[in-house]
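In what follows, a single structure is set out as structure tokens and then discussed.
The values are calculated or read from the model by the stated rules, or taken from the named source; none is laboratory data. As the structure is a prediction and not an experimental result, all values here were calculated from the model. Glycine also receives a Cβ, built like all others from the backbone with ideal geometry; neighbour counts cover every protein chain displayed. Note: areas computed on protein heavy atoms with side chains; ligands, DNA, RNA excluded. Shrake-Rupley method; radii C 1.70, N 1.55, O 1.52, S 1.80 Å.
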Amino acid sequence: IMMIPIFNFAAFGYLVRVIQNVKTGHDVPLPEWDSFGEYFMDGVKLFVGFLVYSLPVLLVACVVVGATIVLAGAAENSNMNPDTVMPFLILCMQCGIFIFALIPMIFAPAIFIRFAETGEIGAMLQFGKVFEIIQTNLTNYVIVLLLSGAVLYFIAPLGVIACLIGAIFTQWWGYLVFAHLTGQLMKEATVSI
């Protein structure tokens, strides 16, 4: 399901249920796939919330791409060699976009926690509450980010070694680890969510 566009919203809704199950202490935190429609709608709501947090990235990307096009045109019309200027401009563009792309990733556990608690898009967009979760649980929050990052960006990609097919399973496993860690953070949160 994770690999099928649009249907993959259900996978993110499933992660919300995993977070809720970990928080409430279910013996088996992995739920059955018996509520596909509910998982799908939760995933759509999460997508909307993350889209709002991604707006700075999109805005910076548009500005940087536009500036790159203008500067490339200026370089072409001047004595500068576009072949020397363009790689530098592209590198600067990628660095700027990367920095802003970290925003949704850093806020991801808090966004998931807010949504898992209420099931509402508006809860994810209460920036003060999101910051409060991070500030009052900073040590645990950083641990969740570091462990999730290690699993999702270093361990899970190792599935590529198994003829690329393994990456499908290891990436999903990485998301489940993220959900479990986020559920533990939600359970131990020192602020009322």
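Of the residues making up the stretch 36-53, just one is β-branched (Val, Ile, Thr) and free of Cβ contacts under 8 Å to residues at least 40 places away in the same chain, namely Val44.
Pro157 falls short on exactly one of the conditions (1) at pLDDT below 90; (2) buried (at least 19 other Cβ atoms within 10 Å of the Cβ), and that condition is (2).
Only residues that are at pLDDT 90 or above, assigned to a helix (DSSP H, G or I) and among the small types (Gly, Ala, Ser): list them for the stretch 97-145, please. Scanning the stretch 97-145 gives Ala108, Ala110, Ala116, Gly122, Ala123, Gly128.
Within the stretch 24-32, can one find any residue that is over 24 Å from Ala167 (Cβ atoms), of a type in the set (D, E, K, R) and not in a loop (DSSP other than H, G, I, E, B)? Checked against the condition, which is being over 24 Å from Ala167 (Cβ atoms), of a type in the set (D, E, K, R) and not in a loop (DSSP other than H, G, I, E, B), the stretch 24-32 yields no hits at all. For the stretch 7-66, taking the residues that are over 15 Å from the mean Cα position of the chain (by Cα) and within 24 Å of Gln94 (Cα to Cα), the one that is surrounded by the most Cβ atoms within 10 Å (Cβ to Cβ) is identified as Val64. Can you say whether Ile90 is modelled with pLDDT under 80, under 30 Å from Gln126 (Cα atoms), open to solvent by 60 Å² or more (accessible area, probe 1.4 Å) and in a helix (DSSP H, G or I), as far as the supplied structure shows? It is false that Ile90 is modelled with pLDDT under 80, under 30 Å from Gln126 (Cα atoms), open to solvent by 60 Å² or more (accessible area, probe 1.4 Å) and in a helix (DSSP H, G or I).
Hey, any hits in the stretch 14-24 for a residue that's over 18 Å from Met186 (Cα atoms) and among the polar types (S, T, N, Q)?
For the stretch 14-24, residues over 18 Å from Met186 (Cα atoms) and among the polar types (S, T, N, Q): absent.
Farther than 25 Å from Leu59 by Cβ and touching a residue at least 60 places away in the same chain (Cβ under 8 Å): is that true of Glu117 in this structure? Considered against the rule, which asks whether it is farther than 25 Å from Leu59 by Cβ and touching a residue at least 60 places away in the same chain (Cβ under 8 Å), Glu117 comes out as yes. Across the stretch 13-35, the qualifying residues are those that are touching a residue at least 40 places away in the same chain (Cβ under 8 Å) and in contact with a Phe, Trp or Tyr (Cβ under 8 Å, 6 or more places away or on another chain), and the one among them that is nearest to Gly174 (Cα to Cα) is Leu15.
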